[in-house]
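Worksheet for the structure shown next.
The values are calculated or read from the model by the stated rules, or taken from the named source; none is laboratory data. Since this is a predicted model, take the numbers as computed values, not measurements. Here the Cβ positions follow ideal geometry from the backbone for every residue, glycine too, while neighbour counts run over all protein chains shown. In case anyone asks, the SASA skips ligands and DNA or RNA and just uses the protein heavy atoms, side chains included. Shrake-Rupley method; radii C 1.70, N 1.55, O 1.52, S 1.80 Å.
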Amino acid sequence: MNVHDSERISGMLESAGYVPVAAGETPDLVVFNTCAVRENADNRLYGNLGHLYPTKKANPGMQIAVGGCLAQKDRGTITRKAPWVDVVFGTHNLHRLPVLLERSRHNAAAQVEIAEALEVFPSTLPARRASHASGWVSISVGCDNTCTFCIVPSLRGKERDRRPGDVLAEVEALVAEGAVEITLLGQNVNSYGRSFGDPGAFAKLLRACGRVDGLERVRFTSPHPRDFTDDVIAAMAETPNVCPQLHMPLQSGSDDVLRRMRRSYRRDRYLGIVERVRAALPDAAITTDIIVGFPGETEADFADTLDVVRAARFSGAFTFQYSPRPGTPAATMDDQVPPTVVAERYQRLVALQDEVSLAENRAQVGRVVEVLLAEGEGRKDEATGGRSGRARDGRLVHLGPNARAAGATTALGDALPEQAKAAALAQLAALRPGDVVTTVVTYGAPHHLVAEGAPLTARQTRAGDLWEAARETPGASRPSVSLGMPGVGAPPAPKPADGDAPAGDTGDAEHGCSASGCGGAASPETPGSTELTGPVRSAAGAVAGAGAQ
């Protein structure tokens with residue numbers, strides 16, 4: 001959700017004349033699009049603002065803007081803590097950013113503008129998308145749930161759905177521009193239609209996406225188990241371009257904890273949905289979100305969560321140590337679990353999920369998978385000559401003879417002969433992000449698959465053509481949205497080893513997640529940080545860069 005908002009912010013800045021700055025140049029504008037799901041987002045925002053202060057002081061014309069959920073929450077606190085910030089805007093008024101920047105520049109004073117209700121649906125704003133092949137499509141904003149741990153409804157507002165025709169028009173426009181994959185986004189996608197009185201609207205929308213010519217893959221995130229109905233399962237199974245992937249937050253396997261979380265389902269209902277999805281889509285990869293250490297969680301409650309993890313056989317999970325958020329009911333509950341106990345339980349959960357993920361991924365060895373290649377999925381691809389992308393079930397696949405961990409062997413034999421290696425690398429070299437290949441899985445790790453041999457088939461796409469054309473145009477190939485923090489004024493963050501976790505998954509306690517999946521502890525807002533455009537320069541000499549937490 002935040003990444004897509006960042007694409008919209010980037011699109012507005014481009015419409016206002018900003019373009020990406022070259023690496024190493026000092027920006028005139030840096031935008032932080034923030035998340036408020038976890039306390040770590042607060043710490044990282046103010047830490048990065050502090051790192052930017054010397055750069056701002058040395059460049060008086062530079063502007064800094066802070067938007068998103070944390071801005072909606074903290075409001076004027078941001079300019080009190082960091083008076084060098086020029087603009088603060090919230091979740092409901094993204095479209096106001098260019099005007100606020102100009103007003104701040106003209107008045108030489110900070111501008112703080114927070115709207116209390118959505119003014120313009122973000123999907124009506126221009127966007128510079130990070131991928132030619134894949135696109136996010138918001139079907140709703142806001143959330144009507146009242147989970148006791150979650151601050152999102154108070155910051156994003158009540159659920160507001162787009163009309164189906166508007167959603168499909170955006171999907172068709174993306175496909176016309178070369179996209180082959182779209183992901184439907186909502187704080188609770190399967191309650192879609194409630195605001196216009198059609199409880200079956202989400203299943204109908206999935207089927208309608210199946211009729212869009214040229215659209216090969218449809219994903220969605222994140223559904224709520226309470227609203228997950230059999231018509232959605234039927235639509236997933238009967239619509240060929242809907243991917244066999246489901247990310248459905250569990251949060252806890254204990255009925256008592258779910259009750260205190262105000263999650264309106266229980267473990268048996270959750271496992272029943274998993275069972276019905278697997279009956280309809282046997283090859284579905286199911287991922288989830290789990291919170292460890294919610295107030296009052298006992299060892300027996302935690303054991304219930306471990307039991308559900310064993311029973312559900314998740315291919316991956318975002319796992320979180322509970323983070324109290326001021327303004328939520330859970331923050332003032334009795335029986336807060338000691339941090340040392342939370343950390344110990346968290347490590348046990350991660351170890352179990354890694355064990356399950358490894359077994360599930362090893363079971364993929366020998367399967368033929370279709371992979372949509374993507375830029376940035378494999379951090380070592382440039383050095384190894386490999387390629388990486390996502391299978392239809394959402395699993396990360398590294399292609400190439402050098403993609404396995406050192407010393408690893410597979411059920412299909414040891415390393416490829418040198419001649420076969422050379423042939424595989426030659427075929428991979430001709431492939432571009434956006435191209436589609438079929439290949440055989442030869443190795444499974446906890447968070448990724450490996451296909452060492454040459455692809456069985458390879459199909460070039462218009463998205464790949466567009467990526468190649470953009471690469472040949474100076475400055476055009478730089479994506480507007482990528483994962484990471486802006487480098488200006490901030491120390492570089494260490495990069496995890498390739499294959500340790502899928503893009504967006506940190507696997508550490510600081511960020512609070514491990515293994516694979518989409519979504520967040522309390523909402524589809526992903527904890528951590530997202531670099532929007534890197535620093536950017538306009539034709540008039542202004543520079544804008546953006547990052548998001």
For segment 175-185, how many residues meet the condition of being of a type outside the set (A, V, I, L, M) and either free of Cβ contacts under 8 Å to residues at least 40 places away in the same chain or within 13 Å of VAL232 (Cβ to Cβ) (or both)? 0
Considering each residue of segment 205-232, count those that are within 28 Å of CYS147 (Cα to Cα), open to solvent by 10 Å² or more (accessible area, probe 1.4 Å) and assigned to a helix (DSSP H, G or I), and give that number. 4
Inter-residue pairs, beta-carbon under 7 Å, first over 16 Å from PHE228 (Cβ atoms) and in segment 198-211, second β-branched (Val, Ile, Thr), 6+ apart: ARG207/THR239; CYS209/VAL171; CYS209/VAL218; GLY210/THR239; GLY210/VAL242
In segment 138-160, residue nearest to THR332 (Cα to Cα) [restricted to those that are free of Cβ contacts under 8 Å to residues at least 60 places away in the same chain and surrounded by fewer than 23 Cβ atoms within 10 Å (Cβ to Cβ)]: PRO153
Positions within segment 54-70 being in a helix (DSSP H, G or I) and out of contact with any Lys or Arg (no Cβ under 8 Å at 6 or more places or on another chain), in sequence order: PRO54, THR55, LYS56, LYS57, ALA58, LEU70
Here the qualifying pairs (Cβ atoms under 6 Å; residues six or more apart or on different chains; first in segment 432-443 and more than 11 Å from GLN460 (Cβ to Cβ); second basic (Lys, Arg)) come out as VAL441/ARG367; TYR443/ARG404
Mind listing just one residue for me: the one in segment 75-85 that is open to solvent by 10 Å² or more (accessible area, probe 1.4 Å) and touching a residue at least 24 places away in the same chain (Cβ under 8 Å) and, of those, nearest to ARG156 (Cα to Cα)? ARG75
For segment 41-60, name all the residues that are closer than 13 Å to THR26 by Cβ, open to solvent by 60 Å² or more (accessible area, probe 1.4 Å) and touching a residue at least 40 places away in the same chain (Cβ under 8 Å). PRO54
Does segment 285-307 hold any residues that are of a type in the set (A, V, I, L, M, F, W, C) and either surrounded by 21 or more Cβ atoms within 10 Å (Cβ to Cβ) or closer than 17 Å to HIS447 by Cβ (or both), and which are they? ALA285, ILE286, ILE290, ILE291, VAL292, PHE294, PHE302
How many of the residues making up segment 99-111 are open to solvent by less than 40 Å² (accessible area, probe 1.4 Å) and in a helix (DSSP H, G or I)? 3
Could you grab me the full set of residues in segment 1-40 that are surrounded by fewer than 24 Cβ atoms within 10 Å (Cβ to Cβ) and hydrophobic (A, V, I, L, M, F, W, C)? VAL3, MET12, ALA16, VAL19, ALA22, ALA23
Can TYR322 be described as in contact (Cβ under 8 Å) with a residue 40 or more places away in the chain, open to solvent by less than 40 Å² (accessible area, probe 1.4 Å) and within 23 Å of ALA234 (Cα to Cα)? no
For residues in segment 233-283 being crowded, with 22+ Cβ neighbours inside 10 Å and among the hydroxyl-bearing types (Ser, Thr, Tyr), which is nearest to VAL189 (Cα to Cα)? TYR270
Might you check whether a residue that is under 17 Å from GLN353 (Cβ atoms), in contact with a helix residue (DSSP H, G or I) (Cβ under 9 Å, 6 or more places away or on another chain) and not in a strand (DSSP E or B) occurs anywhere in segment 284-291? no
Conditions (1) within 30 Å of LEU174 (Cα to Cα); (2) charged (D, E, K, R); (3) open to solvent by 50 Å² or more (accessible area, probe 1.4 Å); (4) in a loop (DSSP other than H, G, I, E, B) -> ARG96 fails only (4)
Please verify whether ILE286 is more than 19 Å from GLN187 (Cβ to Cβ), modelled with pLDDT of 95 or more, more than 21 Å from the chain's Cα centre (by Cα) and β-branched (Val, Ile, Thr), treating the condition exactly as stated. no
Restricting the search to segment 130-186, which residues are aliphatic (A, V, I, L, M) and outside any helix (DSSP H, G or I)? ALA130, ALA133, VAL137, ILE139, VAL141, ILE151, ALA179, VAL180, ILE182, LEU184, LEU185
Filtering segment 112-132 down to residues that are under 18 Å from GLY11 (Cβ atoms), surrounded by 17 or more Cβ atoms within 10 Å (Cβ to Cβ), touching a helix residue (DSSP H, G or I) at 6+ places or on another chain (Cβ under 7 Å) and not charged (D, E, K, R) yields PRO122, SER123, LEU125, ALA127, ALA130, HIS132
